[in-house]
Each structure stands twice: as C-alpha cells, then as structure tokens.
Amino acid sequence: MKASFLFGILLLVMVATLPAVAKDVRATIVYDDKATDINPAQTPDGTDQLWVTTADLTRATRFEVKPQGVCREELCFPLPKTHLTDFLHKQAGKEWFNLTAFAELVHQPMARDTATSTWYFGLRADQRETLASLRAPDFTLPDMAGKLHSLSDFRGKKVLLVTWASW
Amino acid sequence: MAQDTGGVKDAGKWITDAKATYTVLIDQEHLVSKLYNMVNVPTGVWINEKGRIVRPNEVAFIDDRFKNFTGLDSAPYLNALQDWVEKGDKSAYVMSEEQLQPKLAPPDANALLASAEFGLGEQLYSTGHLAEAIPHFKEAQRLNPKSWNYKRQAYKLSSENDYGTTFMKEVEKAGGTKVYYAPPDLPAKKD
C-alpha cells in the first residue's frame, strides 16, 4: 500500500517534469530585424515555446551557449542554474535551446504569427536602457546610396536627430 | 531618418527633391522610433557633442507648411535651435537631468509588446504576406494607441479601409488637428 502510494507520487512528479511532446516545425526567426529560416525548430504542443538547436541559435541571433551563459561578444546572460532544463535539453545528439524562455529572461518582447510560423524578437532590456542614462542610443542605418552611417560617427558635433516619413 | 517600411521606394523621392546638404538615412524597421520611444513624425531630439541627449522627443517643424493643420508656428523651435547652436550646453533650451528624466521614461509593457507586433507586421509585409501583417499592425495600434507611426505607416502599406477608419477620423477622436501635436515645451525667449 505504502509502496504503491510512493510510486503514484513518483509518477506524478515524472509527468510534471517531462517536456510536452514537441513537433518539428519550419520557422522564421526575426532577431535584430534580420530574418533567418530554421528547419527544424520545435514547438512543444500546447505551448508558445520555440526551441532551436544551439547551432541555429547562433545562426539566427549570433548568441552562443557557453559555460558562463548565453553570450555574444562581451555581452553574456547567465542562465539560472536551478532552471537549466527550461532552457536547454539534448535530443537525438543535438542540443536544443528555448529561445522564448531566453526572451523572457532578458525582458525581450516577442510576437508570433502562427499562419506563417514567424517569430519576431524585439529590443532586449539591455538595448533599451540607455535612454535613462541620457546617453543617446546608437544606431547604424543606410543612406539612399546604401552607405552606412552611425550616430556615433557624429561624436564631437551637435546632432539634431529628426524623424520624418513619406506617409 | 525616414521611418518608412517601404524604404527607398517610398522615401527616395522626398530625399532627392529636398537636395539635402545634411545626412539623410532610411530606417525601414523604424529602429530609431523603437530606441527613442517615438510615436509620431516629425520628432526631433537634440544630442550634444558628447552623445548626451539635451532635449528629448518633441515635434520638430523646420518650416510652416503644416501650420494650417497643426496651428504650430515653426519660429520658436527654430529660434531655440539657433540659440543651442550658438551657446551649446549654456543655452536656456538645454534641459537639466531633472527635466529630462521624466521625459525619457521607459515604455510600458504594452508599448513593448506593440513594438514587437509592429515589427512582425513589417516583416510579414516585406515578405509578401500583407493579409497576415494586418492583424499584427492592428494589435500594435491597440496596444499602443499613442503611436501615430503605427497607424499611419500601416495605412500607407495597404489602405485605411483595412483598418475600418481614416486618418482624419482618428485625429478627430484624439481631439482634433490642433492637439494632434503637443507644442514643444520651450521656455519663454530671453533677450
């Protein structure tokens, strides 16, 4: 009686920690306003999660999974050690990364279009926080001939930044 | 910075006609509006030689071509600009950190989500999925009703009919043309 009760509890715990059944999908990830096609990605049934291989993570976002966290150049976001399985799992010889959980971790807004399987990731908190410091956020954009200019190119001069539109 | 999802195709004519002697950039993803939390055009920001903001987002008319619509005279803004050019950080129009901080508040959760929905809509439009883009543009407009950029850019990419309204109806709903732009918060001119 006692044994079957314990087994019941164990089974419940196992079911609770098992990942939902994931299906392979083709997905377009838009990160830093650049689109990358991923095939396959995985979306566990009944969730809004998007899992990609760590190789595709780097291809789509330039972030890499390292021992110290998820990193791009000098920027590194440590993953919470107690919840590592929310972010990473191995399957069929590949390591998979939960990009939607990462977006939540770095306070990054996200939008999804189910019909086209497109996922858009907006500006992370670290990209939005410069305004409060009064530092003008830097950006790089093309002129009409396609030549790139950065706001920081104008350091040492006063800049009147004006937006306009054809509409 | 042309906030134009259509890129050179839409903004190019205006740039050519302006014969600009200053740097004109094309911002297809409305990145500058995202980074600076802008909601309308024209919006101006003053940035000093050290890359520090000294006046935040405000309407920035450099002539009076829309004066009949807005009721705004461009002269006070141009005078302020001239004063800053001459006096730099000592200009009376340069704001202190205390004045700037409340005007540089971060966007709320809905505005952040709106920026993602709008970005998704732009991506879908630019890859030929206009019908799929429209619900995301609508969601961006719902989540951040203060953004005229989200409304007007979306109308331009298809039609106001797709949104069941017109620009002028939206302006009237917001209180009319004379409050469509808040005037620049300029101190009285000192001689």
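The values are calculated or read from the model by the stated rules, or taken from the named source; none is laboratory data. Since the model is a prediction, treat every value here as computed from it, not as a measurement. Every residue, glycine among them, receives a Cβ derived from its backbone with ideal geometry; neighbour counts consider all protein chains shown.
Selection of the stretch A:122-165 for residues being under 20 Å from B:Phe118 (Cα atoms), surrounded by fewer than 19 Cβ atoms within 10 Å (Cβ to Cβ) and among the small types (Gly, Ala, Ser) yields only A:Ala125. Whenever a residue of the stretch A:117-146 is within 26 Å of A:Thr100 (Cα to Cα) and facing chain B (nearest Cβ under 7 Å), its partners that are polar (S, T, N, Q) and assigned to a loop (DSSP other than H, G, I, E, B), lying with C-beta atoms within less than 8 angstrom and at least six residues away or across chains, give the pairs A:Gly122/A:Gln108; A:Leu123/A:Gln108; A:Leu131/B:Asn37; A:Pro137/A:Thr130.
Yes or no, residue by residue, for (1) in contact with a helix residue (DSSP H, G or I) (Cβ under 6 Å, 6 or more places away or on another chain); (2) without any contact (Cβ under 8 Å) to a residue 12 or more places away in the chain; (3) under 18 Å from A:Trp167 (Cβ atoms):
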site: B:Glu132; (1), (2), (3): yes, yes, no
site: B:Arg152; (1), (2), (3): no, no, yes
site: B:Asn161; (1), (2), (3): no, yes, yes
site: B:Thr165; (1), (2), (3): no, yes, yes
site: B:Lys173; (1), (2), (3): no, yes, no
site: B:Pro183; (1), (2), (3): no, no, no
site: B:Pro187; (1), (2), (3): no, no, no
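Out of B:Ala109, B:Ala92, B:Ala75, one residue alone is in contact (Cβ under 8 Å) with a residue 24 or more places away in the chain and either more than 18 Å from B:Gly51 (Cα to Cα) or more than 11 Å from every other protein chain (Cβ to nearest Cβ) (or both). It is B:Ala92. The condition (being surrounded by 14 or more Cβ atoms within 10 Å (Cβ to Cβ), in the same structural domain as B:Gly164 (by TED's automatic domain parsing) and under 30 Å from B:Asp63 (Cβ atoms)) is satisfied by just one residue among B:Glu132, B:Glu117, B:Glu122: B:Glu122.
Checking the stated criteria, A:Gln49 turns out to be assigned to a loop (DSSP other than H, G, I, E, B), more than 14 Å from chain B (Cβ to nearest Cβ) and either within 23 Å of A:Ala27 (Cβ to Cβ) or free of Cβ contacts under 8 Å to residues at least 24 places away in the same chain (or both). Scanning the stretch B:17-72 for residues being outside any strand (DSSP E or B), facing chain A (nearest Cβ under 9 Å) and modelled with pLDDT of 95 or more gives a total of 24. Is one or more of the residues making up the stretch A:153-161 of a type in the set (Val, Ile, Thr), at the interface with chain B (Cβ under 7 Å from one of its Cβ atoms) and within 22 Å of B:Lys103 (Cβ to Cβ)? Yes: one or more hits.
When residues in the stretch B:113-154 are screened for being facing chain A (nearest Cβ under 7 Å) and closer than 18 Å to B:Gly7 by Cα, 7 of them pass.
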